[in-house]
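Asker: This is the structure, below, for whatever I ask next.
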Amino acid sequence: MRGPCCPSSAGPSDLDWSTSQLTTKERPVKKLLVILVILAFAVPCLAQTAQPPKPGPEVQKLAYTVGTWKVEGETKAGPFGPAGKFSGTDTCEWFAGGFHMVCRGEGTGPEGKTTDLVILAYDVEAKAYTYHYISSRGESGSSKGSLTGSTWTWLWDGKAVSKPAKYRLTEVEVSPTSSTFKLENSVAGGPWTVIEEGKSTKVK
C-alpha cells in the first residue's frame, strides 16, 4: 500500500519534470539551510572562545584619579567673573569594564555652588585621552588630552567674550596623593593667560 504522500500513478515524464523543477527551485534553499546550520554551530563556538576586551596600559594611567580629592584654588578676575577662592571635592571611580573613569564633583566658588560629572577615557584610534563633562549650571563640553611623564595636558576650543578662544588645562601629579592644576586661555590667537589655578589633595 502506498502512503498518502506518494502518487498512486505517474509516468516517467511526470517524474522527470517534478524532479527537475524541485532541483532547480530547492538548490538556493538548500544552500541557505547549509549556511544556517554552519552558523548555528559556529556562533556558540565563537561565544565560548571569544574573550572580553581588556583595558590597555594607557587606560590604566587614569587609575591615579581613583578616590576622593579635596580641591581648592583661586580664579582670576576676567570675563568669566570676579576673582575669588573656590573649594570642593571630586570622587572618581572606575565604570564597569574598567575602560572609563567617572568623577562626580561638588564645589563652591565666587559664583555659588555647582556640581558636575566627568567621564575620562582613552581613544585608541586617536591615541588621545578624552574628557567629557556636564554641570549643574547647564555647561557641557569635551576635550582631548595627553600624558607626558607626570603632566596631564587637556586642550579644547571655546569662546571668551564672544570671541574664539583656546583653553588649556595642565595638571601635574606631584605625588600619589597630591596634584596641582592651572587653567589658561588664549583669546583670538592672543597670549596664554592664567584664569584659574589650585591644588588637589587625596583624602580617601
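The values are calculated or read from the model by the stated rules, or taken from the named source; none is laboratory data. The shown structure was predicted, so the numbers you read here are calculated from the model rather than taken from an experiment. No Cβ is skipped: glycine too gets one built from the backbone with ideal geometry, and neighbour counts run over all protein chains shown.
Asker: Does residue 90 meet the test of being modelled with pLDDT of 95 or more, under 18 Å from residue 62 (Cα atoms), in the same structural domain as residue 155 (by TED's automatic domain parsing) and more than 13 Å from the chain's Cα centre (by Cα)?
Answerer: It is true that residue 90 is modelled with pLDDT of 95 or more, under 18 Å from residue 62 (Cα atoms), in the same structural domain as residue 155 (by TED's automatic domain parsing) and more than 13 Å from the chain's Cα centre (by Cα).
Asker: What's the total number of residues in segment 169-204 that are in contact with a Ser or Thr (Cβ under 7 Å, 6 or more places away or on another chain) and not aromatic (Phe, Trp, Tyr)?
Answerer: 19
Asker: Hey, could you check segment 148-168 for residues that are of a type outside the set (Lys, Arg) and at pLDDT below 90 and say which is surrounded by the fewest Cβ atoms within 10 Å (Cβ to Cβ)? First the steps, then the outcome.
Answerer: The initial filter retains those residues of segment 148-168 that are of a type outside the set (Lys, Arg), namely 148-158, 160-162, 164-165, 167.
If we keep only those that are at pLDDT below 90 too, we end up with 160-162.
On the way: 160: 19, 161: 10, 162: 7.
Here the answer is 162.
Asker: Does any residue of segment 186-196 turn out to be surrounded by 13 or more Cβ atoms within 10 Å (Cβ to Cβ), touching a strand residue (DSSP E or B) at 6+ places or on another chain (Cβ under 7 Å), under 25 Å from residue 66 (Cβ atoms) and assigned by TED's automatic domain parsing to the domain that holds residue 73?
Answerer: yes
Asker: How many residues are surrounded by 15 or more Cβ atoms within 10 Å (Cβ to Cβ) and without any contact (Cβ under 8 Å) to a residue 12 or more places away in the chain if we restrict to segment 48-90?
Answerer: 0
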